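Okay, so here's the structure we're looking at.
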Amino acid sequence: MKKNYLNPNKVNNTFEVAFVTLTIVILTYSIYLFKFPLYSSVYISETIIFLFSWLGIFLGMYILFTWYKLTGVFFSLYTIFMMFYFFFNFGQPIMWALGIHIPTEIGEVQFYGKFGVPTNADILNGQVITLICGLLFHFGAVICYKPRTYKVHNESLRNIKDTTLKAMFISSVIIGAVFIPVTLYNAMESLQVALTSGYKELYYSDYAANKSNIFALAEMMFFPSLVGLLLGSRFKKNVMIFVYSTFSIYLLLNLLAGDRGTWVYKIVILIWLSHTCYKKINFKKLLKYIILSLVGLYIVEAIVSVRNIGLGSITFEEFIKSFAFENSPLISTIFEMGGSMNVVTFLIKYGWDVWPYANTYLLGILGMATNEVIYSLDVPFSVVSSWFSQDYLGISWGAGFSMVAESVLNYGPYIAPLVMILIGFIISSLVYLDKNILYSEKPLRYFFAVTSLHVFLPVTRNYFQLLLKNWFYGVILYTVIIVLVQMIIYRKKLN
């Protein structure tokens, strides 16, 4: 027998948050339509930039507060996503609000080393569109949320849940046995290239161009297999030791290679997974993790500061110099992350209607399984980041991108914030988990949400075009495999 209980407080909270957020959205978007963008020649004082920097901090706090009021959870998959959104798209203004500046920040140097230096008006344009897109993305998430009913299931469903967990574990053992070694081998090979030729060789050389597709597939399957092992085993100690040891090796190899990107998302998600499904992290543990993270950041900064010159050119003095106070890794990391705002600021200043191909979201959907679909339809195709860096900017290194810039590139600055409502609705729908449902009750839902966040978290500083392919193989296909194994196990039990 199943009974449903609806908490009236949740209904009230949902209405309040939705109404207040909608009111703010209507007011701010109306002002935005009439005032955006400013001309580069318009005088904007440093005080205005400072005030909008603090406005971004207040918006971040508002998002965290309203989501907590809706869900009763502060540390959730959605708040992890929004945390990275602000660090990557608004990281530099956050530092400016605290009075921290560096010589290479936005507004102090030329766009990508060859274009004009952004004026204060340009910077304000970048701040405004980043904030309005963040606000409307959150509004989409609020629309997605619905007060959940508390469900009490009878014992007859327990076997189905146990079968799902078993199927998840078996699937992850099989997939992990194939792709974990391949991923670690690829990481070791990348380390060798970075040490001998420099970090850039990993992305801008024949090595990057000639990499086998098996390595890309392995990277898609690697983290989901670790998540599946943890959830499917119900966090058994020996499995946890294997998973964390494997990830530590993967982390170490990537750190030594100079990478401080992809593994960051993984480690935050693993911490959330342990906190939510295994053992809650208390304040002492949290403090310990923060201290260890800061120490790790110093080490990574030391490695990154010399990663482009190859092992033979590294001196002890250069390595020690990278630990200096003025090279604080926390500050430099946030400034580097926040550099993603550069892209949308550039598009607003020099023109956003420049993408010569089809809508990137459409291209991403068509190419989810294989690019052969795009080729068969004879649709002109290019990867956004490569086109932007090499074809449009004419530079030899990666300029990066962002979800805000991709939306502007497709729809322009006036429609882009409205599109973010839909994106916010979709992503929050994929990653939302009710705090009252244990992973053992909804194992497949937990797996789907965690792995979906793992795929889409990088879009905060990236673009959807290629991530949709990762989602197809690393989430959809993986989930289908689990369901098929579950059906086989269930049929065997019936026989």
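Residues in the stretch 433-464 that are farther than 11 Å from PHE81 by Cβ and aromatic (Phe, Trp, Tyr): TYR439, TYR446, PHE447, PHE448, TYR463, PHE464. The residues of the stretch 356-387 that are over 23 Å from GLY134 (Cα atoms) and aromatic (Phe, Trp, Tyr), listed by number, are TYR357, TYR375, PHE381, TRP387. If the condition is being small (Gly, Ala, Ser), out of contact with any helix residue (DSSP H, G or I) (no Cβ under 6 Å at 6 or more places or on another chain) and either modelled with pLDDT under 75 or open to solvent by less than 80 Å² (accessible area, probe 1.4 Å) (or both), then the stretch 1-46 contributes SER30, SER45.
Table: residues versus (1) out of contact with any Gly (no Cβ under 7 Å at 6 or more places or on another chain); (2) more than 18 Å from PHE75 (Cα to Cα); (3) among the hydroxyl-bearing types (Ser, Thr, Tyr); (4) not in a helix (DSSP H, G or I).
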| position | (1), (2), (3), (4) |
| --- | --- |
| ALA416 | yes, yes, no, no |
| SER429 | yes, no, yes, no |
| ILE437 | yes, no, no, yes |
| PHE472 | yes, yes, no, no |
| VAL475 | yes, yes, no, no |
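Every condition in (1) on the phi > 0 side of the Ramachandran plot; (2) crowded, with 19+ Cβ neighbours inside 10 Å holds for GLY412 except the one numbered (2). Residues of the stretch 451-495 being open to solvent by 60 Å² or more (accessible area, probe 1.4 Å) and among the polar types (S, T, N, Q), which ones? ASN495, the sole residue that qualifies.
Scanning the stretch 385-409 for residues that are touching a helix residue (DSSP H, G or I) at 6+ places or on another chain (Cβ under 7 Å) and either open to solvent by less than 10 Å² (accessible area, probe 1.4 Å) or modelled with pLDDT of 90 or more (or both) gives LEU393, PHE401, SER402, MET403, VAL404, ALA405, GLU406, SER407, VAL408, LEU409. Meeting the requirement of 1 or more residues that are surrounded by 21 or more Cβ atoms within 10 Å (Cβ to Cβ) and either at pLDDT 80 or above or under 24 Å from the mean Cα position of the chain (by Cα) (or both), the helices (runs of 4 or more DSSP H) wholly within the stretch 166-256 are 213-232, 237-256.
The values are calculated or read from the model by the stated rules, or taken from the named source; none is laboratory data. Keep in mind that this is a model prediction, so the values were computed, not measured. Glycine gets a Cβ as well: all are built from the backbone with ideal geometry, and neighbour counts include every protein chain shown. We work out accessible area using only protein heavy atoms, side chains counted, and drop any ligands, DNA or RNA first. Shrake-Rupley method; radii C 1.70, N 1.55, O 1.52, S 1.80 Å.
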